[in-house]
Amino acid sequence: MAIMITDECINCGACEPECPNTAIYEGGVEWAWGDGTSLEEVDFGDGTVVSGKEKQIPVSDEFYYIVSDKCTECMGFHEEPQCAAVCPVDCCVPDPEHEEEEDTLLAKKAWMHDE
């Protein structure tokens with residue numbers, strides 16, 4: 001399951017540098033698949049292919065957010081999600097809308113980091 005940042009976020013930014021996948025962004029900041037990964041392009045399998053450098057619409061304009069498709073809960077990097085470990089207000093929590101098994105998270109890590 002991916003991690004999400006709740007609206008209790010105080011915008012301290014402690015979580016952002018901890019993410020090994022660069023899946024955390026400040027509110028209002030555009031994100032890209034290639035940020036912090038080896039992805040040069042992403043093929044969605046439906047004929048849609050985007051450049052890893054192409055900027056995407058922010059998930060939130062108000063507070064820090066996590067791109068769920070880039071979140072691996074730090075699997076393969078750390079024993080626990082680092083964003084949750086450093087969050088002073090405990091607003092980095094499991095996202096019930098993006099549940100994934102450990103093997104899926106590890107496969108996502110391998111895909112993003114060309115392993």
* Structure fact -> Over segment 1-11, the set of residues touching a helix residue (DSSP H, G or I) at 6+ places or on another chain (Cβ under 9 Å) and either of a type in the set (S, T, Y) or in a loop (DSSP other than H, G, I, E, B) (or both) is M1, A2
* Output the strands (runs of 3 or more DSSP E) that fall wholly within segment 12-115 and possess 2 or more residues being β-branched (V, I, T), surrounded by 13 or more Cβ atoms within 10 Å (Cβ to Cβ) and more than 14 Å from the chain's Cα centre (by Cα), or say none. => none
* Taking V42 and the conditions (1) without any contact (Cβ under 8 Å) to a residue 24 or more places away in the chain; (2) farther than 22 Å from E101 by Cα, which numbered condition does it fall short on, given that it satisfies the others? -> (2)
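We did not get these values from a lab; they are worked out from the coordinates using the rules stated. Computed from a prediction, not measured in an experiment: that's the story for all the values here. Positions of Cβ are backbone-derived with ideal geometry, glycine not excepted, and every protein chain shown enters the neighbour counts.
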